[in-house]
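Here's a structure for you.
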Amino acid sequence: MNTIFKNLLKAIGVMIYFIVLNFAYTRMNTDRLMNDIEVFAGIFLVVGLLMLERAYKKDSGNMALSGIELLCLSVHSLSINHVITFYQYDFRFYLLSSSYVFAIYYVLKSIIIYTKEKRQYLKNLSDISEIVKEEPIKKEAKKRRKVKSVKQKEEIKESTSKNKKEAKTEDKKQENKKQINENKKDNNIEKSRKEKKIVKNKVEKKEEKKKDNKKKSNN
């Protein structure tokens, strides 16, 4: 809105400039008026060039456009005398039509700037609404991811605990098998010992019988 207000002020200023020249045409000498117009054109030219230089340093498009507008106004002011004499136009009518052309230009410029700013504002509003709509979707997606990650962690924990339990039971089974095998071995060894003892006892008894029989035979 600030740029629109500035452009409207420029339009009013240009119209006042041409109105003053029209008023001066009725009260002043033509040669003196033309000299004054040349002075104004020189002022516009210098200010326009300074604005272009500042716009180049600051990299400002709006300032550069204002400088170009002042240069156009300066060229138009310098060409007033030549156009009137060459085409034989009425001075007051030419200045009045010129003021209308400049005023229409600034009004159109203000309308274009206003429409651009309104479009940008509406675009920003639509972007904000899209961001607001996307935020809950992102939050829901994050929540779902969190729930999934928690479930995955719990499943991993359960699987690891099951694997540990299975490994423990397997170890216990292996230990039990080893213990059973060792007990079997011990029982077998014990049986073999007992059998050896029995055999020894039998052998000893036989030998004793033989000895007794020998003694009896000798007697």
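Every read-out reported here was derived from the displayed coordinates using simple, explicitly stated rules and does not represent laboratory data. All values derive from a computational prediction rather than experimental measurement. Note: ideal-geometry Cβ built from the backbone for every residue, glycine included; neighbour counts use all protein chains shown.
Roughly what angle does helix 91-218 make with the longest principal axis of the chain, taking Cα atoms, 0 to 90 degrees, to the nearest 10?
Roughly 10 degrees between the two axes.
Using unit Cβ charges (K, R positive; D, E negative) and no other charged atoms, how large, in debye to the nearest 20, is the dipole of the chain about its Cα centre?
Dipole magnitude for the chain comes out near 5560 debye.
What residue among E170, E207, E69 shows peak mean-square fluctuation when the chain is described by a Gaussian network model with Cα springs under 10 Å?
Between E170, E207, E69, it is E207 that shows the largest mean-square fluctuation.
Shifting gears a bit: In the structure displayed, which of K194/K216; K157/K184; K173/K197; K6/K58; K172/K196; K164/K191 lie more than 31 Å apart, Cα to Cα? Intermediate values should be presented prior to the final figure.
Values: K194/K216 33 Å; K157/K184 40 Å; K173/K197 36 Å; K6/K58 19 Å; K172/K196 36 Å; K164/K191 40 Å.
Table pairs above 31 Å Cα-Cα are K194/K216; K157/K184; K173/K197; K172/K196; K164/K191.
Towards the positive end of the charge dipole of the chain, with charges on Cβ (+1 Lys, Arg; -1 Asp, Glu), say which of G67, Q152, H82 has the farthest Cα.
Q152
Same structure again: Nearest 500 deg cm²/dmol is fine: what mean residue ellipticity at 222 nm does the chain get from its DSSP H runs of n ≥ 4 alone, each adding -39,500 (n - 2.57), divided by its residue count?
Working: 5 runs with 209 residues, N = 219.
It comes out at -35500 deg cm²/dmol, rounded to the nearest 500.
Under 14 Å from the Cβ of K206, count the other residues' Cβ atoms, weight Lys and Arg +1, Asp and Glu -1, and hand me the total. Before the final figure, lay out the partial values.
Values: positive: K200, K202, K205, K209, K210, K211, K214; negative: E204, E207, E208, D212.
Within the 14 Å Cβ shell, the charges total +3.
Which whole-number percentage describes the relative contact order of the chain, with Cα contacts under 8 Å and a sequence gap of 6 or more?
Values: 93 pairs, mean separation 51.1, N = 219.
Answer for the chain is 23 percent.
Counting each pair of different Cα atoms once, what's the Kirkwood radius of the chain in Å, rounded to one decimal?
28.7 Å
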